[in-house]
1. For n ≥ 4 DSSP H runs only, could you compute -39500 (n - 2.57) per run for the chain, divide by its residues and tell me the 222 nm figure to the nearest 500?
2. Can you give the charge dipole size of segment 239-364 about its Cα centre, rounded to the nearest 20 debye, using +1 on the beta carbon of Lys and Arg and -1 on the beta carbon of Asp and Glu?
3. Classify segment 194-285 as rounded, prolate or oblate, taking a ≥ b ≥ c as the square roots of the eigenvalues of its Cα gyration tensor: rounded when a/c is under 1.5, otherwise prolate if a/b is larger than b/c and oblate if not.
4. Considering the Cα trace of segment 31-114, what is its radius of gyration and what is Dmax, both in angstroms?
5. Pick from Arg118, Arg197, Arg306: which residue has the top mean-square fluctuation in a GNM of the chain where Cα pairs under 10 Å get a spring?
6. Which order do peptides 170-177, 349-356 fall in by mean Cβ count within 10 Å, highest first?
7. D for the chain, whole µm²/s, Stokes-Einstein with Kirkwood Rh over alpha-carbon pairs at 20 °C and 1.002 mPa s: what number?
8. For the ranges 243-251, 135-143, what's the packing order if you count other beta-carbon atoms within 10 Å of each residue, average per peptide, and put the highest first?
Amino acid sequence: MTQDRRPDRQAAARRALEAEGLDALLVTHLPNIRYLTGFTGTSALLLITPERTVFISDFRYESQAEQEVGASAAVEIDRASVWDRLARTVAAAGVGTLGLEAQSLTLHDAERVAAMPRMRVQSTSGIIERLRVIKDPDEVDAIRRAAALAAAALDQVLPSVRPGETELAVAARLEAALRERGSEWHPFQTIVASGPRSALPHARTSTRTIERGDWLLLDFGAQVDGYCADLTRTIVAGARADARQRAVYETVRAAQQRALSGVQAGMTGREADALARDLIAARGFGDAFGHSLGHGLGLEVHEAPRLAATATDPLPAHAVVTVEPGVYLPGWGGVRLEDDVYLSPDGPVCLSDNRTDLIELMRE
Ligand code: ZN
Ligand code: ZN
């Protein structure tokens, strides 16, 4: 039995909105609503006032809201319009200044809220997201289970990969294995990129046929209890690695190991990023690592904090982040290795298997 964290999370949200000088916060970003109430559906509004938490949804979610939200909020189902219901609720609560989540609300809906009588709206950013950075033990455990599931799916699929099949065929088997093993959904579009296409950091999985000796880069995720894992492995298909492949791979691997063991709560995102970047630059590939080292992981696959040269805030203890250096050489190919790390107060704890010995698939 896991502990119900929703009351503590809502109490923290109330302290945060008080600090921002708000009478209430309208939460519209669905991962935030899930975090505060447990609701997993795709349509809801959540109003947090100093006294109450009111969850508003429509007819489709009547029984689901009852089950998932339970007593964590007053559930109001409106068959006509959730926005009219919100207007009545904020009026009854006497809300003077209502915070809106700028990153999630459309301009259309923001104007609709701003038109509600006797109330001011204020744009806010990251109030709930900042709470979500600090993971509790159940959240860390869910990410660990998602990472184990993803690794097991890859283990199942890799022995069947052959030169002569397409990237999409490999992605289809990998996605099926993820789902069969219990992943709720693919948290992002699975990337299977072969040969020169592995040099595209965010390649789209294509109909390209994998050739002997190609790099095969697989970036894929799993979701368990809402929490995401995000892994990347790069292998050689159908042949032994050549000398250049080996040199690039060992560079990325050494950079990743250095960052995985060195990343600490309290250092800045920039310092964490430099753990990998400095090593890659020292080996002459500095220009070939064009993205940041990693990102936070949780109910969303990309969340705070960032491990990037532009991130000057200290990394909080109890955050979960990815560590994913890469070297991309246009026309030749690229290597990226990605694992998921919990920043415990005592040091980094890798939640994924970090099995990054170079794999050379020798089957024809
Ligand atoms: Zn990834
Ligand atoms: Zn990632």
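1. -11000 deg cm²/dmol
2. For this selection, approximately 400 debye.
3. Judged from the Cα gyration tensor, segment 194-285 comes out oblate (a/c at least 1.5, b/c at or above a/b).
4. In order Rg, Dmax, the Cα atoms of segment 31-114 give 12.3, 32 Å.
5. Residue with maximal mean-square fluctuation among Arg118, Arg197, Arg306: Arg118.
6. My ranking of the peptides, most packed first, is 170-177, 349-356.
7. 97
8. Taking the mean over residues of other Cβ atoms within 10 Å, the ranking is 135-143, 243-251.
Read-outs: derived from the displayed coordinates by stated rules, not from any lab. All figures in this text were calculated on a predicted structure; none of them were measured in a lab. Virtual Cβ from ideal backbone geometry, glycine too; neighbours counted across all protein chains shown.
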